[in-house]
Structure formats: C-alpha cells, structure tokens
Amino acid sequence: MKTKTPLLKVDSVGIQFGGLKAVSDVNVELYPGELIGLIGPNGAGKTTFFNLLTGVYVPTEGTISLEGENLRKLPPYKITQKGISRTFQNIRLFSELSVIDNVKVAYHSLSKHSILSSIFRLPIHFKGEKEMDDKAIEFLKIFNLDQYKDEKAKNLPYGKQRRLEIARALAANPKLLLLDEPAAGMNPQETHELMNLIALIREKFDLTVLLIEHDMPLVMGVCERIYVLDHGQLIAQGKPEEIRNNPKVIEAYLGEEVS
Amino acid sequence: MTTFKRAKGFWLSISLSLIFFAVIQVLIGGGSLNPFYQNTLMFIGINIILAASLHLIIGVTGQFSIGHAGFLAVGAYASAIMTMKLEMPFVVALIVGGLVAALAGLIIGIPSLRLKGDYLAIATLGFGEIVRIILLNIDYVGGASGMQVSHLTTWPWVFAAVLVTIIVIRNFTSSTHGRACISIREDETAADSMGINTTYYKVVAFAIGAFFAGIAGGLYAHNFYIIQPSNFGFLKSFDILILVVLGGLGSLSGAVLAAILLTVVTTFLQDYPETRMIIYSLVLIVMMIYRPQGLMGTKEITSMFKRKGGSSHENKNTAA
C-alpha cells in the first residue's frame with residue numbers, strides 16, 4: 001500500500017489564530033481507497049484540520065497537496081472542484097430547498113449550460129437540467145431518499161438529514177470525502193446503518209474517506225488507520241489495536257495517571 | 001412530459017398577460033381610463049420591476065442590500081441623458097440606463113459583497129447616498145434643481161419591461177444558477193464547500209438586479225417631466241425593500257403582489273395627506289404582526305395551483 005503515491009499529503013501543516021496555535025506540525029498521508037479515522041478529545045483541533053483541508057482556513061505553515069498539486073490559497077469552491085468534499089459537524093443543508101435540489105446544487109460546478117442559455121431557455125438549458133435531474137434521482141435512490149425528493153430538506157428527520165448531507169457531498173464527485181462526526185446524535189441502529197452505507201459508497205465510488213468520530217467502537221470497527229490529535233498536535237497514528245493500547249492516547253482521553 | 005407541461009403553462013401565462021395588455025391598451029385608446037388611473041398603472045409597473053429586481057438580490061441570493069434607489073437613480077439619469085442630451089431613441093435610453101446601472105452594480109458589488117449581513121446593508125446604504133450626492137453636484141444634469149425630461153413612458157413600454165423582467169428573473173431563479181444563488185442564501189459556507197463560486201454568483205445576482213432597477217429608472221424618469229436627486233434618497237430604497245419584505249422574502253409573485261397592493265394603497269391614500277403615512281405604517285405593522293413571513297412566504301402563486309394540476313398563469317397575469 002505504501003508504495004502507491006498518496007492521494008492527500010499534508011506536510012507539517014499548522015495554523016495560528018493570534019497567539020493560539022490551533023493546529024501545528026501535522027503530517028498526514030492518505031492513500032487511495034483508504035478509510036481513515038481522525039479522533040481526539042474535544043477542542044483537539046479536528047474540525048479546524050478539516051477547515052484547513054477544505055480551504056476555509058489558509059494554513060500559516062506547511063503545505064497540503066492533493067495528487068501532488070498544492071492546494072495553498074485556493075478558495076474552498078475550487079478545492080471542492082479538485083476533489084475534496086465534506087459534511088459538517090452541525091448539519092448544514094440548504095433547508096428551504098427540496099431534497100433533490102440539495103443534491104443538484106452539488107452538481108452545479110459540473111453543469112455546462114450558461115446563465116444566458118438559462119435566461120433564454122435554450123435547448124441546452126433543458127438538456128442540462130434534465131441530466132441533473134436524472135443523475136440526482138439516481139443518487140437519491142442509492143441513499144434511499146428518492147421518495148422524499150420534493151420534500152424540503154428541513155422537514156426530514158435528523159438521521160435522514162445526515163444521510164442527505166453525505167449524499168450531497170458525494171454528488172460533488174470527490175476523490176476524498178471528509179465526514180465530520182457523521183454519527184453524532186444517531187441511535188445505535190442508525191449508526192449501524194450509516195456504517196454499512198459508508199462501506200457501500202466507498203466501494204461504489206472508489207473513494208478515500210477521512211472520518212472524524214467520537215464513537216470509539218465505530219472508529220475502531222471500520223477504520224484501517226487512525227490518527228489521533230490532541231491540543232492541535234498529532235500524538236499517535238496507526239492501526240486501531242495499536243491506538244487502543246497507546247499510552248499517549250489513553251492519557252489524552254482519560255487524563256494522567258495519579259501517582 | 002413535465003417540461004412540455006411547464007412550457008404549456010408558460011405560453012398560457014404569456015398569452016393571458018398579452019390579452020390583459022390588449023384590454024388595457026384598448027381602454028386607454030378609447031379614453032375610458034383617465035390619466036390618473038393610467039399614471040397609477042405606470043407606477044405599479046415600475047414598482048413591480050423594482051420589487052422583482054430587489055427580490056433577486058435579497059429574496060433569492062440573500063444579500064441584504066438597501067441601496068436600490070441608487071441603481072434606480074443611475075438608470076434614471078443615464079437614460080435621461082441619452083434622450084435629452086444625446087437625442088437617442090427611448091429604447092436605447094432604457095437599455096443604456098440598465099447597462100450603466102448594472103456596471104454600477106458590478107463596481108459596488110465586487111468589493112462590498114465580501115461583507116455579510118449588517119455590514120453589507122450599511123455599505124449599500126452608503127452607495128445609495130453617494131449616488132444621490134454626486135448627482136446633486138453635477139451641473140450637467142442640473143444639480144439640485146433637477147433635469148427636465150420629456151414624457152415618453154407609455155403603457156406598452158412599461159408592460160414590455162415588466163414582462164421581460166419577470167421572465168428573465170423567473171428563468172434565472174429556476175435554473176441551476178438560481179439554485180446556486182439560493183444555496184448561498186441558505187448557507188454560504190455549505191454552498192462554498194459544494195463547489196459554488198459564491199462571490200461570482202452574488203455579483204451576478206447583484207448586477208442583474210441593478211440592471212432591471214436601471215430599466216425601472218429609465219421608465220421612472222420619463223414618466224415625470226423632471227427628475228431630482230431628492231427623488232432617490234434612502235427612503236426610496238426602503239420603499240422598495242418594504243415591497244420585497246411584505247411580499248415574502250424569496251417569493252417573486254409575492255414581490256409582484258406587494259408592489260401592486262402597496263402602490264394602490266399609496267395612491268388612494270393621497271386623498272388623505274394628513275393621515276397618509278400613519279395609515280401606511282399601520283398597514284405594515286399589522287401585516288408584520290399577523291403575517292411576518294410576508295404575503296406569500298416563500299411560496300409562488302404557481303405552486304398553489306400545482307396540486308389541482310393547473311398552470312402558472314396567475315403569476316404572469318397579476319404581473320401584467
């Protein structure tokens with residue numbers, strides 16, 4: 001596996017907010033097809049790290065490259081178009097838009113018809129919109145959401161909103177999918193379904209997945225490798241069983257042993 | 001199949017609005033519609049264009065802009081210069097008015113659309129005032145005493161402009177580009193992370209909105225005989241804003257309805273100059289208490305008819 005070139009290479013990346021180093025000197029390499037977990041206590045900098053990867057923040061040090069291409073200073077929408085898409089810790093759907101329109105927004109950057117062709121309703125407009133419609137419905141079927149396609153996103157139950165958010169992120173046609181606590185607030189049954197879903201889409205779309213999660217059994221169960229962040233620094237990385245027994249990780253989560 | 005149905009509804013609404021146009025035209029020609037009513041009709045038309053154009057900026061894209069009178073002023077003066085100083089035909093003047101306003105929209109939009117919420121509102125408010133004060137100090141356009149403009153705005157012009165405005169804004173909104181704009185309104189961060197170039201679409205919406213405000217300006221200028229910078233103060237911006245909010249943020253038919261309703265209310269209240277503003281304000285307060293989401297909420301008139309399998313003619317009909 002290590003012989004392949006990494007899909008994503010994060011080289012000693014850090015960011016400083018004023019005097020606070022939120023993330024510093026993080027090195028991560030993701031290889032095509034991997035499912036990787038990113039864990040750490042609250043406030044460890046996991047979401048900040050995602051924001052660095054997606055261009056929401058510009059790193060103050062280090063470089064991030066996708067397939068050898070430096071992503072520095074690219075705006076978030078360009079990074080998405082290059083192939084990194086994400087979900088959010090607190091669901092950020094377009095709540096007033098219908099379920100299918102949420103997915104179609106993600107297709108937007110792939111659309112070919114121009115604003116003028118839409119205003120004048122040229123044939124290419126209808127063709128483009130029809131293509132989007134068909135693709136979006138196909139997509140919703142995979143996620144079992146097609147029966148809700150005309151429902152407003154905000155009217156979906158919580159678990160389905162999570163699913164829709166993942167569907168939307170996938171519709172942007174990523175190579176790397178970042179999931180920020182996808183199982184947060186789900187019951188065990190829903191979590192289980194979610195795990196199956198992630199496995200399914202990974203296979204089907206030939207994806208690399210980076211997953212932030214608090215649910216330890218879940219992370220340990222599905223991830224091939226795990227990175228552990230604490231106070232903005234990587235304190236461990238490796239296979240689930242290595243992580244489980246790593247004294248640094250135990251200390252970060254449970255605190256130092258009283259001597 | 002669905003596209004065919006939609007197209008049918010579209011042509012039905014076009015033909016219905018053309019019939020409406022013809023009826024009014026005959027009434028005007030026959031002299032049964034007196035100048036007072038004619039003038040009200042023009043105002044309704046101009047206000048519809050203004051409301052629809054601001055709807056695109058605030059209702060669809062979610063950019064809270066309160067300098068719309070600035071674009072109205074730019075369009076009004078640009079078109080007045082075309083007809084009065086350069087002796088161009090009216091249609092050229094209207095288009096030039098729209099284009100100059102759109103240019104102003106680009107110039108103000110590119111730097112200020114980085115701002116969000118309250119900050120954008122203040123910046124656009126400032127823009128409106130800057131336009132007014134610049135016009136006040138240019139002698140070429142008459143400064144404070146204003147500019148003489150001949151009366152060229154007629155019912156066919158107003159009607160055509162309203163129809164074009166509504167069709168363009170509706171077509172834009174109900175396309176992938178419109179969805180991109182709505183996604184910015186709903187959640188800019190998420191839109192960004194879905195690959196939407198948010199700055200681009202904000203500026204585009206702003207420029208299209210400004211273009212139609214400029215067209216409205218051309219019609220407005222040539223409806224009056226005189227235009228003065230004081231016609232385009234920030235109170236005018238708020239008048240337009242009220243139309244959009246009252247109609248329901250995000251609803252084109254709501255904005256159109258509100259424009260009709262409020263123009264009629266204002267016109268009839270002119271008979272009671274002492275209590276006019278009190279009644280007007282009361283209408284707004286009562287409205288906001290009992291229907292804070294506006295007349296239509298985010299719905300369109302067309303969606304009310306969909307369940308019965310009807311078409312979208314109402315929308316265009318009221319628009320005419």
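Using a 10 Å cut-off on Cβ atoms, rank the peptides B:170-176, A:46-52, A:147-153 from the highest mean neighbour count down. Provide the component values of the computation, followed by the final result.
On the way: B:170-176: 20.9, A:46-52: 22.7, A:147-153: 15.7.
Averaged packing, sorted descending, gives the order A:46-52, B:170-176, A:147-153.
Taking 8 Å as the Cα distance limit and 6 or more residues as the minimum spacing, I'd like the relative contact order of the stretch B:119-278 as a percentage.
Values: 107 pairs, mean separation 46.0, N = 160.
Computed over the stretch B:119-278, the figure is 29 percent.
Taking neighbour Cβ counts within 10 Å as the exposure measure, how do B:155, B:11 sort from fewest upward? List each step's numbers first, then the result.
Details: B:155 18, B:11 12.
With the fewest neighbours first, B:155, B:11 line up as B:11, B:155.
Taking 8 Å as the Cα distance limit and 6 or more residues as the minimum spacing, I'd like the relative contact order of chain A as a percentage. Can you show the working numbers first?
Numbers: 438 pairs, mean separation 68.5, N = 259.
It rounds to 26 percent for chain A.
What residues have an amide H closer than 5 Å to that of residue A:86, excluding those fewer than 5 places away on the same chain, when H is modeled at 1.01 Å from N in the peptide plane?
A:178
How crowded by other chains is A:122-131, given as the mean number of beta carbons from other chains within 10 Å of each beta carbon?
On the way: counts 0, 0, 0, 4, 3, 0, 2, 5, 2, 0.
Neighbouring Cβ atoms belonging to other protein chains average 2 per residue here.
In straight Cα distance, which aspartates and glutamates are under 13 Å from residue A:135, not counting same-chain residues fewer than 8 positions off?
Straight-line reach from residue A:135, under 13 Å: A:101, A:146.
Which residues' amide hydrogens lie under 5 Å from the amide hydrogen of residue B:295, considering only partners 5 or more residues apart or on another chain, with H built in the peptide plane?
Those lying under 5 Å, H to H, from residue B:295 are B:247, B:248.
Equivalent ellipsoid semi-axes for the protein assembly as shown, as square roots of 5 times the alpha carbon gyration tensor eigenvalues: give them largest first, rounded to whole Å.
Details: eigenvalues 562, 134, 84 Å².
They are 53, 26, 21 Å, listed from largest to smallest.
How well do other chains shield peptide A:78-91, expressed as the mean number of their Cβ atoms within 10 Å of each residue Cβ?
Numbers: counts 3, 3, 5, 4, 1, 0, 1, 3, 3, 2, 4, 0, 0, 2.
The shielding value for this peptide is 2.
If one computes the Cα centroid of the stretch B:92-121 and of the stretch B:262-278, what distance in Å separates the two points?
31
Could you please state, rounded to a whole Å, how far the C-alpha centre of the stretch A:66-136 is from the C-alpha centre of the stretch B:5-39?
Here the answer is 39 Å between Cα centres.
Through the Karplus equation 6.51 cos²θ - 1.76 cosθ + 1.60, θ set to phi - 60°, convert the phi angles of the stretch B:242-252 into ³J(HN,Hα) values in whole Hz; use x for Gly and Pro.
Each residue of the stretch B:242-252 in turn: 4, 4, 5, 5, 5, x, x, 4, x, 10, 5 Hz.
Could you state the principal axis extents of the C-alpha atoms in the stretch B:13-234, from the largest down, to the nearest angstrom?
Computed over the Cα atoms, the extents are 58, 46, 26 Å.
Beyond 31 Å between alpha-carbons counts as too far, so tell me which of A:154/B:236; A:9/A:154; A:149/B:202; A:160/B:8 fall in that bin.
Details: A:154/B:236 36 Å; A:9/A:154 36 Å; A:149/B:202 27 Å; A:160/B:8 35 Å.
Where the Cα-Cα span goes over 31 Å, the pairs concerned are A:154/B:236; A:9/A:154; A:160/B:8.
Each residue of the stretch B:178-184 in turn: what ³J(HN,Hα) in whole Hz from Karplus with 6.51, -1.76, 1.60 and θ = phi - 60°, glycine and Pro shown as x?
x, 4, 4, 5, 5, 5, 5
Kindly put A:132, B:147 in sequence by how many other C-beta atoms sit within 10 Å of each C-beta, fewest to most.
Ascending Cβ contact count within 10 Å gives the list B:147, A:132.
If you plug each phi of the stretch B:111-118 into the Karplus form 6.51 cos²θ - 1.76 cosθ + 1.60 with θ = phi - 60°, what whole-Hz ³J(HN,Hα) values come out, in order, with x for Gly and Pro?
Running phi through 6.51 cos²θ - 1.76 cosθ + 1.60 with θ = phi - 60° gives x, 8, 6, 6, 7, 10, x, 4 Hz.
Mind running the shape call on the stretch B:1-87? Use the C-alpha gyration tensor, a ≥ b ≥ c as the square roots of the eigenvalues: rounded below 1.5 for a/c, prolate if a/b tops b/c, oblate otherwise.
Values: a/c = 2.10, a/b = 1.08, b/c = 1.95.
Verdict is oblate for the stretch B:1-87.
When a footprinting reagent is the concern and you count Cβ atoms within 10 Å, what order do B:131, B:26 take, fewest first? Walk me through the intermediate numbers first.
Working: B:131 23, B:26 11.
So the ranking, lowest neighbour count to highest, is B:26, B:131.
Give me a single rounded figure for A:164-170: the average over its residues of other chain Cβ atoms within 10 Å of their Cβ.
Working: counts 0, 1, 0, 0, 3, 3, 0.
Taking all residues of A:164-170 together, the mean is 1.
Check residue A:230: other-chain or 5+ apart residues with amide H under 5 Å from its amide H, H built from backbone geometry?
Answer set, sorted by chain and number: A:235.
Treating the angle as unsigned and between 0 and 90°, give the value, to the nearest 10°, between the Cα long axis of helix A:188-205 and the longest Cα principal axis of chain A.
70
Each value in this text was obtained by applying a stated rule to the coordinates, not by laboratory testing. Predicted model, so just to flag it, every value in this text is computed and none were measured. Cβ: placed from backbone, ideal geometry, glycine included. Neighbour counts: every protein chain shown.
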